[in-house]
Amino acid sequence: MRYLKDSKVSITVLAIILLWIKTYIVYKTSFEINIENWRQELILFINPLSFLMFILGLSLLMKEKIRNRYILITSFLISTVLFANVVFYRFFNDFLTLPVLMQTSNMSDLGSSAGELIHFRDLAYFIDFFILLLAIKFKPAFLENRSYGKVGKRVFFLVAIAISFANLGLAETERPQLLTRTFDREMLVKNIGTYNYHLYDLFLQSKSSAQRALADGSELVDIENYIRANYKKPDEEMFGIAKGKNVILISMESTQSFVINNTVNGEEITPFLNDFIKESYYFENFYHQTGQGKTSDSEFLVDNSLYPLGRGAVFFTHSGNEFEASPSILSENGYFTATLHANNKSFWNRDIMYDSLGYERFYEINDYDVNEENSVGWGLKDDDFFQQSIQHLKEMPQPYYAKFITLTNHFPFELDEEDKMVQPYTSNSKTLNNYFPTVRYQDEALKNFIQSLKDEGIYENSIIILYGDHYGISENHNRAMGEYLGEEVTPFVSAQLQRVPLIIHIPGHKGKTISTVSGQIDLKPTILHLLGIDTKRDFNFGSDLFSKDKMEFIVLRDGSFITKDHVYTRETCYDKNTGEVTDGSGCEPYYEKAKYELEYSDKIIYGDLLRFYENLATDESQ
Ligand code: GP9
Ligand code: MN
């Protein structure tokens, strides 16, 4: 080509090609991106190119010395972003978002998990950087040092523009409205590429800051109408049945429903819970609705009856918002409110967010005696955590609302030999194998805790609510999971695996298994009604689980939804009984509702709309 002076490769082009090919290889080896046809494969292949051409193409406008430095630094930074995504994906099966990235306080706590997630061979992710470094140092014969001429540069950027349009055009035909539906990061990465995805994420981030600044109370009117129309009257017999009693809420780390009444190597995984549900209300179709904020998202759902966000952890991104969470409502009703969790108080920004939610006291790592002996994996072992917590409970003024957050059953599911009461499962997934002994351990810790509550005379005077916070086994382990379950893990099965146990124990009540479709969003009104507190004026998206009118419908944070007879996930409607794909008519009536649920809740959070609610209430009463 005449414009390019001669046929040598410039360092810019070399850097682009190396990063491009590397990114594609990483797509294929480190992420599970579902490709359905050759067009999608083509999009995946070209999607890193336009971004790389623009960013590294800037070097063409620079003098040689700065140019080389710019190329090296940029290549390194881009490789780091890619690698960070790889590591994040290994654990969360998801791509990074800016809010998550800013949670450095969490990252430093990752400790034991990081060791499992990063290996020495990961240096291979930076191989192109090393090649560039050598190329710049030794200037091999095929490298061109001079920059392109004026026309050459123009051609270069025109090609880059053409490629981005081709990419967007192809993506639009494959996935219409790609950028307006952003629940699904895999779809975004697949279509516009991981680098453009991060740019888009940056755009979303600025938009969300602007949204708060621009919001006003009038936006609350539609939402209020929606919420009021969905309000479900409490069951008369259950309303106030636990009035004045303590509430002991236990978040069970990574505990999914499939372990309940199930065995591994012929042994029960949760012998205690299996007995406990016989004397409690057990909700067998209860789903977690968490997103990237994991445990903190479940806490958010349970305390606010609002949805967490589609990106980032609301505990981080909106801890400055105004909420009307159960702790503050309960405080107004004479309760002492506390949360107990033996981890750094800043993890998930809890120390800040708990204030906003109205908790009076946070018993965190400094309130516990934590040493090497009584720790494993992420920290204090559950049994020690519960036993040490009894003292804290005894000091609390009654009645109290105390939330306990367990920790031992956390990825990578480490456990000391002496605590293993069942042997690991045997599959090719170490994660799934080790999950069973830690779940079994947690079960034992819960058994001891309940016994201590009995011994201390707390049991009879308290309602005890246990729930699973989110999944423990991600889709990365579908093969092993399928082996364990004895069925292939289809998207339908995957959605059903998002069920987590919910157990509500009320002294004097007989056990009952309830099959109503329900989720974490329903807990706040359920608890408040049991305590005899009215919720008619609250902004709750969930409804009382004991209400006779409770609708059989629940939305997951990724937009999937579950009704009495259907599961809608990955844009497919499944028959719930057979797991077969249906023609979609059974799901259709719920599309709108599922959309509004998430949209309205997001609006409240992004606009910090509850700060206007007080005013609305006074307006109405005038
Ligand atoms: C950390 C614990 C675990 O304090 O709640 O958090 P997770 O990783 O499950 O969100
Ligand atoms: Mn968790």
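Taking the range 523-533 as the range and being closer than 20 Å to Asp469 by Cα and in contact with a strand residue (DSSP E or B) (Cβ under 8 Å, 6 or more places away or on another chain) as the test, the residues that pass are Leu523, Thr526, Ile527. Which of the residues that make up the range 290-306 are within 16 Å of ligand 2 (Cβ to nearest atom) and outside any loop (DSSP other than H, G, I, E, B)? Lys294, Thr295, Ser296, Asp297, Ser298, Glu299, Phe300, Leu301, Val302, Asp303 - these are the residues of the range 290-306 that are within 16 Å of ligand 2 (Cβ to nearest atom) and outside any loop (DSSP other than H, G, I, E, B).
Scanning the range 399-426 for residues that are hydrophobic (A, V, I, L, M, F, W, C) and within 16 Å of ligand 2 (Cβ to nearest atom) yields Phe404, Ile405, Leu407, Phe411, Phe413.
Okay, residues lined up against (1) more than 16 Å from ligand 1 (Cβ to nearest atom); (2) in a helix (DSSP H, G or I); (3) at pLDDT 95 or above; (4) touching a Pro at 6+ places or on another chain (Cβ under 7 Å):
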{"site": "His392", "(1), (2), (3), (4)": "yes, yes, yes, no"}
{"site": "Thr426", "(1), (2), (3), (4)": "yes, no, yes, no"}
{"site": "Pro437", "(1), (2), (3), (4)": "yes, yes, yes, yes"}
{"site": "Leu446", "(1), (2), (3), (4)": "yes, yes, yes, no"}
{"site": "His470", "(1), (2), (3), (4)": "no, no, yes, no"}
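Quick grid of which residues meet (1) within 19 Å of His288 (Cα to Cα); (2) within 16 Å of ligand 2 (Cβ to nearest atom); (3) modelled with pLDDT under 95:
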| site | (1), (2), (3) |
| --- | --- |
| Ala229 | no, no, no |
| Lys233 | no, no, no |
| Phe239 | no, no, no |
| Val247 | no, no, no |
| Gln256 | yes, yes, no |
| Ile260 | yes, no, no |
| Gly266 | no, no, no |
| Pro271 | no, no, no |
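Residues to consider are Phe83, Phe54, Phe91, Phe76; find the one that is within 21 Å of Leu168 (Cβ to Cβ), of a type outside the set (Asp, Glu) and in a helix (DSSP H, G or I). The conditions single out Phe54. Residues in the range 278-303 that are away from ligand 1 (no atom under 16 Å from the Cβ) and either among the charged types (D, E, K, R) or surrounded by fewer than 24 Cβ atoms within 10 Å (Cβ to Cβ) (or both): Lys278, Glu279, Ser280, Tyr281, Glu284, Asn285. Only one of the numbered conditions (1) surrounded by fewer than 23 Cβ atoms within 10 Å (Cβ to Cβ); (2) within 16 Å of ligand 1 (Cβ to nearest atom) is violated by Asp419, and that is (2). Under the condition of being within 16 Å of ligand 1 (Cβ to nearest atom) and assigned to a strand (DSSP E or B), the residues counted in the range 233-261 number 4. Checking the conditions here, which among Tyr282, Tyr287 is more than 16 Å from ligand 2 (Cβ to nearest atom), among the aromatic types (Phe, Trp, Tyr) and either over 19 Å from Leu523 (Cβ atoms) or in contact (Cβ under 8 Å) with a residue 60 or more places away in the chain (or both)? Being more than 16 Å from ligand 2 (Cβ to nearest atom), among the aromatic types (Phe, Trp, Tyr) and either over 19 Å from Leu523 (Cβ atoms) or in contact (Cβ under 8 Å) with a residue 60 or more places away in the chain (or both) holds for just one of Tyr282, Tyr287, which is Tyr282.
Among the residues of the range 346-381, those identified as within 15 Å of ligand 1 (Cβ to nearest atom), under 23 Å from the mean Cα position of the chain (by Cα) and among the small types (Gly, Ala, Ser) are Ser346, Gly377, Gly379.
The values are calculated or read from the model by the stated rules, or taken from the named source; none is laboratory data. Nothing here was measured: the structure is a model prediction, and the numbers come from that model. Reconstructed Cβ throughout: ideal geometry from the backbone, glycine too, with neighbour counts over all protein chains shown.
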